[in-house]
Every structure is written in structure tokens, then in C-alpha cells.
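Participant: A single structure is presented below for examination.
Laboratory data are not the source of any read-out in this text; all were calculated from the coordinates shown. For clarity, every value in this text was computed on a predicted model and none was experimentally measured. So basically every Cβ, Gly included, is an ideal-geometry build from the backbone, and we count neighbours across all protein chains shown.
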Amino acid sequence: MIKENRNLKKHIDPNIQADIEAVSNLPMVSTLLEVICCTTGMGFAAIARVTEDRWVACSVRDEINFGIEAGGELQLETTICNEIRQSGKPVIIDDVLKDVFFCEHQTPAMYGFQSYISVPVFRKDGSFFGTLCAIDPKPANVSSSAITEMFNLFAKLISNHLTTFDQLAETESDLLQNQRTLKLQEYYNKELAAANKELADTQRSLQLSIKQLTDSKDKQAMLAAIIESSEDAIISKTLDGIITSWNQSAENLFGHTENEAIGKHITLVIPEDRRKEEQIIIEKIRNSQRIDHFETIRKTKSGAEIPISLTVSPIRNEEGQVIGASKIVRDISKQKHADEQLKNYAERLEILNSIGQTISAGLDTQSILQKVTDATTQLTGASFGAFFHNQVNEKGESYMLYTLSGAPREAFEKFGMKRDTAVFASIFNGEGIIRVDDITKDPKYEKNSPYTDMPEGYLPVISYLAVPITSKAGEVIGGLFFGHSKPAMFKKEHEQLVAGVAAQASVALDNAKLYEEVHVLNAKKDEFIGLASHELKTPVTSISGYLQIIKRNLSADDKNKAFISKALQQVNKLTTLISDLLDVSKIQTGKLPLSYTQFDMVDMLTEVTEMMQQSYNSHKIELQYNKQPILLRADHQRMEQVIINLITNAVKYSPGTDKVIIKAAVSGNKIKVSIQDFGIGIAKNQQERIFSRFYRVENLAAHMSGLGIGLYICHEIISRHKGKMWIESELGKGSTFFFELPIG
Ligand code: ADP
């Protein structure tokens, strides 16, 4: 029964454990318990810690095998110690059976003891610690004052000791506490420092991330704003070509809204015939390549095709893998248009320039008409162009010449002389330029337009442009007509371009007309000269013959003989003149005959010089040459004619001087002859023209008469001999005429 209540070891409270230790640490505790047992004769003595709810043995001397060890517990309610705790007074029982109070008490019966002594042990602060107690199954004399005194003393001793111990423990604990605090402090300091550092780091990185976050947010916002406000369309897509972003400019450019475009395939904006480009682009992007300013065509929502410049860059994920592409699309229609215009202007300028040169240089009406037609058709971009030109033939009848460009002549046969059609009439009636976007719909020309005049399917004319050509006198002399199979192809600028060319053409045609007239007149003049000189030649030859007969029949002293001689001289001059005129006419008609013989040029020069010297005594005609003969195959008489002509001129155009020098020399296989005078000379700007027919230097003195055909004939004769003739002259200093002929 007792055993059952012993050692009810509950979980030992750390405080009680400390108390147990404190008691066991009393150096004399075992001696103390031994003394108690010896002096009282009791078999079991203990120091117990008694709390409100527990009874725990702290130190035990058990000689009677009571069964409790240090740390062992008894149920509190079963002990008398609990009552001592409550009363604070000792309980002393010598013999339970004889004790009035305890004979009926459960505890002695429960634990089987008869003698019992227990005194309270208080701590220094007066709090209850427990008891110092002893029991024995036999009665004992414990109520003696000596025993109780001993127990009280021992209880005090324990109390003191506990206090000391407590203090020690307290001190120790204080110390420990201090140490701990110090350590803690140290630890905390360290921890704090680390924490502070960590905090600072965290704060810093937090700030950084906040900044980055703000920055990146700002950046993102900024980027988004840039993308949105960009004038270029910016589109992103996956590698499968699915559109993932679409900015405002993309919407403006292609017409699809963001909602319509996102999620769709990029072929949304790629024309059918350019789909292959997408594969090439994606392939490059997959290989991390960029595409820069690739010029191509894309289509808008409405189906219109627009020229664009494309820059495509790969989009990568955080690992650097290409996951899509961003496209910047720039609308280059304006640029293209400007380029086109610039090209057009340059082309037009070139055409205008070339046409200007050609038609101002050309004097042939037909070729001017053709050139103007070709050029203006090109300038207007017309499908065909035609130039109708009014002409008046020799009989004064008017007819129309026309040239075509861009269409075969048969196509125009019906178009021909349609002066009476409304369009033609308008042009030739001087109503000015006519430009119609769609002539088939224009009520004014509907009835008899060139379109309706055309055979079905032939030159379908929709756009129409007609520009009149007006002569200097203001008369419409022709018209340029252009057609195009599409409507509204001719613009104001085309009108102006053609009008510009038309003005030039008009001048050129006037010139051509004048030239043709001059040409006709010239031909008539040549015809007249030929005819007149031919008619003159016979009577002059007869006169010369009769004069010679008279001269021969006159006696030597006849005073009329001198007159006859003078008359013969004049008739000879006239003969030369007529013969020169006849030569000109022969040259003109290509009928100047040459008869080649071999002769010595030096001989001929000597003879002619001598003969000329006899006629002119005002000048010394000097022949400078090597005595070597120079053999030449040529028309002897024509050569003589050339040299006589040049010496005559040298004397005639060098009044007041007295020398003419003639030189002849061979160089290589050529003979070069020069006739030099020191006379009036010829200005540079006239030198080229003196070999032309009927040309005479301006402002010549009255006595220097002539027809201006001598040098022309000389030049022709030398040219016909495959030679060359030229002049070196300085005004006021004299002239040297050269000719060169091949020899051998
Ligand atoms: P013409 O002497 O009958 O006028 P030409 O054909 O012989 O015709 O000569 C053409 C022109 O060339 C002359 O009118 C004259 O003005 C110029 N001319 C020819 N020879 C000379 C010369 N030796 N010195 C200066 N002028 C000359």
C-alpha cells in the first residue's frame, strides 16, 4: 500500500530539481540525517521539498527499507507534511497509538509508522521550503526538547544553507545571467551588426530594385510611348509569323486595327506574290540575323499595294533564344514617288534638251515632226501620239502631213484627215489645248471622237490630249494628239510639257519652212545663173570673134585699134565671168568635168607668174621654189585657173603694197603651194566662209568688185583633186592661201 504511493515520479519540475540539488549539495546533509537516525533511533529520515501539490524527497536515509530515494515522491495528500506546510508548525508523534490527534490519522496507518517527527524548513525570505522529517514503525521518544531542539537547529541549518545556496545560485545565475547577457549582448551586437548590414543591403537592393523597377517601368512606359508615337509601323511577331503587337502607325499604314491584327498571321499584309519573302526573313531571324532597310511591297486592308522599307530584328528571351521578330515598317511611297518624279524630271529634261537640239538643228520638216512626236509621246506617257501638220504645196493646195509614235500607221488610216471631227476642229479653230480624262464619256466629243472613229478594238482611246502648234504669225499650223487606254492619264504638267515642245517645234517648223523656201529659191537662182550664163556665152563669144576680125583688118596706125583692144579686154573679162558662172552651175549640178594629165607644177607656176606679172606692174610677183620639177597628175587648165584666181585676189586685196610671194614645196607625197600677200587680210570670224558660194567679206571698198565665186570654184577644184585648201590671215597684215595636192 505504501509502496504504491511512493516514488510517484512525475515529471520533475526544473525548480524542484534545483531544490533537490541544493539539498544534496549540503556538505553535511548525509551526516545530519545519520545523526537524526542515531539520536532518535528512527529508521527513516529525509529532507522533503513540499509544494502546494507535491512532496519530493531531496535527501534520504532509509534504514528500514521504506522505499523512498532522493527524487522520489509521495502523494501530497497522503503526507502530514502538507499540513505542516499549511500550519507552518512541526508535528511530533512519539507513538501514534497514544496520540489523540493522530491515532485516527490515515497517514501513519497508510505508511505503517508509529513514531513521527517533522519540522518545517523555511527559506530566509520566510517562504516554506519543505520539511525535515523522520519516521519509524516503532514508537520513539522524539518529543523531548533535546530532539526537537536538534530538529529546529537542523532545520535552520538547512534553511541557512539553502539561503546561501540560493544566494550562490542567485549570484551564479546573476553571473551566468551577466555572462549570458554579455554573450547575448555580444551575440546580439554581432547579430545586430549582421542584421544591420543585411538590412542595409536589403534596403540598398530594395532601393535598387525599386529604382530598377521604376526605371524599367519608366523605360517600358517610355518604350511603349515611343513605339506608340513612332511614325513607323512597329510590329512584332512570333517565329511562326503570328502578330503579337501592332502600334498605331501600323494601323494607320495597313488599315487593320490592333484588335484585328494581333493573333493573325503576318501574311495579312504580304501580297500573294511576295509570300516567299516571309520565309527568307524568318529564316534569317532564326539565325539571329537582322534585315536592314529591305525595300519591298506590302498590302493594306483595302488591298492597295504600298512600297515600304523593312527592318527586322530578332526578339530574344532571357536565355538569349530567338523567339520572335520585331519589324519596323516605313512607308516609302512618298520617297518612291519623289524618286520617281526626280527620275521623270531628269528624263524629261534630257528629252527636252535632246529634242531642243535636234529640232533646232534640223531643217527637215518630216524629221522634226517625227522627233517631236516621239519625244512628246514619251514625255506624256501616252500609248500613242500623232503630229498633224498643215502644209501648202507649190500649187497652193493645203494638205496634211502626219507622223506617229507608239502605233502603226494602219491604225491611223481612219484617223487620217479628220479635220471635221470635233476634236480636230477645236484644235484647228484655235480653241487651244484640249485635255479630257475620258473622251468616251465627254458629251462634247462623244459623237465623233477619235475613239468612236476607231475600228472596234483598235487604239482604244480613253484619256485624250490635244495641243495646237501655232506659227509665229499666230496661225494654227498643226496639232499634237495623244491617247491612252486608261482614263485620267494626262495631267496639267503633261499639257505644259507638250506646250513647251510645241512652241519649239513651231519655231523649228518655221525655220524648216524658210529653209525649204530658201532651198527652192536657191535652186531657182542656180537654174537661172546656169541658163543666163549659157545664153550669154554664145553672143559674148561672137562679139569677141567679131572684134578680133575687126582688129585684124584695121591698119596698124588706125586710131580705132586702141578702142578695139580695150573692147576685147572687157569682152575677155566678161567671158571669164560667164565661164566662172557656168562653172558654178556645173559644180552645183555635179557636172564639172576634169581631164587629168601629167605636168610639172614648177613649170606651170613659172609660166603663170610670168604672165600675171605682165598684167600687173603694181606688184612684184615672186616665185620661190627649188629648181627641181614637181610632177603632178591633174587637170592642167583647172590648176591654172586656181593659181590665176589666187594671184588675182592677192593683188586685188593688197592695194598700196608691192609684193606677192608664191611658194611651192614637196613634203612627203604631197605638194604644198602658197600665195602670200601683205594686204587687207581677213578677220578670223569670216575666214571659214570665204570658200562659200557668193560670199564676200563685209564692208569691202567699192573698187574691190567681184561676185564671190572665185574661191568657191578654187576650193571645189582642189577638193575634186582630193586636195585641201585653207587660209592663214590677219586683218590689216595680209593673207596666205594654201593648197595641198597628192602627187605621184
Ligand atoms: P571676189 O573676189 O570676186 O569677191 P572670191 O571668191 O575670189 O570673190 O573671194 C571671196 C572674198 O574673199 C572676197 O570678196 C574678199 O572679200 C575675200 N578675199 C579673197 N582673197 C582675198 C585676199 N587675198 N585678201 C583679202 N581678202 C580676200
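Participant: For helix 365-380, report the angle its Cα long axis makes with the longest principal axis of the Cα atoms of the chain; keep it between 0 and 90° and round to the nearest 10°.
Facilitator: Once rounded, one gets 10 degrees.
Participant: What FRET efficiency would be calculated for the residue pair V518, D292, taking the C-beta separation as r and a Förster radius of 45 Å, to the nearest 0.05?
Facilitator: 0.10
Participant: So who's got an amide H within less than 5 Å of the one on K670, skipping anything under 5 residues away but keeping other chains? H placed 1.01 Å off N, in plane.
Facilitator: So K670 has HN proximity to I743.
Participant: Right, another one. Expressed as a whole number of Å, what is the distance separating the alpha-carbon centroids of region 264-319 and region 369-396?
Facilitator: What the calculation gives is 48 Å, centre to centre.
Participant: A further question follows. Would you mind checking which residues have amide H under 5 Å from D635's amide H? H placed 1.01 Å from N; only 5 or more apart, or other chain.
Facilitator: The answer is T597.
Participant: Return the Rg/Rh ratio of the chain with Cα-based radii and a Kirkwood Rh.
Facilitator: 1.71
Participant: Can you give the extra length, in nm with one decimal, that the chain gains between N65 and Q637 once fully stretched, where that is 0.36 nm per residue apart less the Cα-Cα distance?
Facilitator: 187.1 nm
Participant: Continuing with the same structure: If you plug each phi of region 683-698 into the Karplus form 6.51 cos²θ - 1.76 cosθ + 1.60 with θ = phi - 60°, what whole-Hz ³J(HN,Hα) values come out, in order, with x for Gly and Pro?
Facilitator: Result, ordered by residue: 4, 3, 5, 10, 4, 5, 8, 5, 8, 7, 5, 6, 8, 10, 4, 5 Hz.
Participant: If you fit an axis through the alpha-carbon atoms of helix 710-720 and take the longest principal axis of the Cα set of the chain, what angle between them do you get, 0 to 90°, nearest 10?
Facilitator: 70 degrees
Participant: Now for a separate question. At 222 nm, what value in deg cm²/dmol follows for the chain if DSSP H runs of at least 4 each add -39500 (n - 2.57) and the sum is divided by all its residues, to the nearest 500? Show your work: numbers first, answer last.
Facilitator: Details: 21 runs with 349 residues, N = 744.
When only DSSP H runs of four or more count, the value is -15500 deg cm²/dmol.
Participant: For the residue pair N252 and Q548, what label-to-label distance in nm results when each label sits 7 Å from Cα along the Cα-to-beta-carbon direction?
Facilitator: Output for this residue pair reads 10.4 nm.
Participant: Something else: Cα axis of helix 601-615 to longest principal axis of the chain: angle in degrees, 0 to 90, nearest 10?
Facilitator: 60 degrees
Participant: Shifting gears a bit: What is region 621-744's relative contact order, in percent, from Cα pairs under 8 angstrom and six or more apart in sequence?
Facilitator: In percent, rounded to a whole number, it is 30.
Participant: A further question on this structure: 5 Å is the cut-off here: which amide hydrogens, built 1.01 Å from N in the peptide plane, fall below it relative to G72, excluding neighbours closer than 5 in sequence?
Facilitator: A57
Participant: Additional query: Using +1 at the Cβ of each Lys and Arg and -1 at the Cβ of each Asp and Glu in the chain, identify which of H534, Y596, T311 lies farthest towards the dipole's positive end.
Facilitator: Highest projection toward the positive end goes to H534.
Participant: A further question follows. Can you compute the FRET efficiency between Q570 and K486 using 1/(1 + (r/R0)^6), with r the Cβ-Cβ distance and R0 = 60 Å? Round to the nearest 0.05.
Facilitator: 0.15
Participant: Per residue of region 281-286, what does 6.51 cos²θ - 1.76 cosθ + 1.60 with θ = phi - 60° give for ³J(HN,Hα)? Whole Hz please, x for Gly and Pro, Karplus curve as stated.
Facilitator: After applying 6.51 cos²θ - 1.76 cosθ + 1.60, I find 4, 4, 4, 5, 4, 4 Hz.
Participant: Give me the percent relative contact order of the chain, please, defined on Cα pairs under 8 angstrom at least 6 residues apart.
Facilitator: Answer for the chain is 5 percent.
Participant: Which distance in nm do the two modelled labels at L349 and A702 give, with both placed 7 Å along the Cα-to-Cβ direction?
Facilitator: Spacing of the two 7 Å Cα→Cβ label points: 5.7 nm.
Participant: Using a basic spin-label model with each label point 7 Å from the Cα along Cα→Cβ, how many nm lie between A221 and T238?
Facilitator: Rounded to a tenth, the inter-label distance reads 3.1 nm.
Participant: Relative to the present Cα-Cα distance, how much length would full extension add between V100 and K156 at 0.36 nm per residue of separation?
Facilitator: Values: separation 56, 0.36 × 56 = 20.16 nm, distance 2.88 nm.
Once the chain is fully extended between V100 and K156, it gains 17.3 nm.
Participant: If you average the C-alpha positions of region 55-91 and of region 466-517 separately, how far apart do those two centres end up, in angstrom?
Facilitator: The two parts, judged by their Cα centres, are 145 Å apart.
Participant: How high is the FRET efficiency from K472 to Y596, r the C-beta distance, R0 60 Å, rounded to 0.05?
Facilitator: 0.70
Participant: So for each of 133-146, 662-675 I average, over its residues, the number of other beta carbons within 10 Å; can you give me the resulting order with the highest mean first?
Facilitator: 133-146, 662-675
Participant: In percent, what relative contact order does region 554-641 have, based on Cα pairs under 8 Å that are 6 or more apart in sequence?
Facilitator: 31 percent
Participant: Let me ask another. Report ³J(HN,Hα) in whole Hz for each residue of region 575-587, in order, from the Karplus equation J = 6.51 cos²θ - 1.76 cosθ + 1.60 where θ = phi - 60°; Gly and Pro get x.
Facilitator: Result, rounded to whole Hz: 4, 4, 4, 4, 5, 4, 4, 5, 4, 4, 4, 5, 4.
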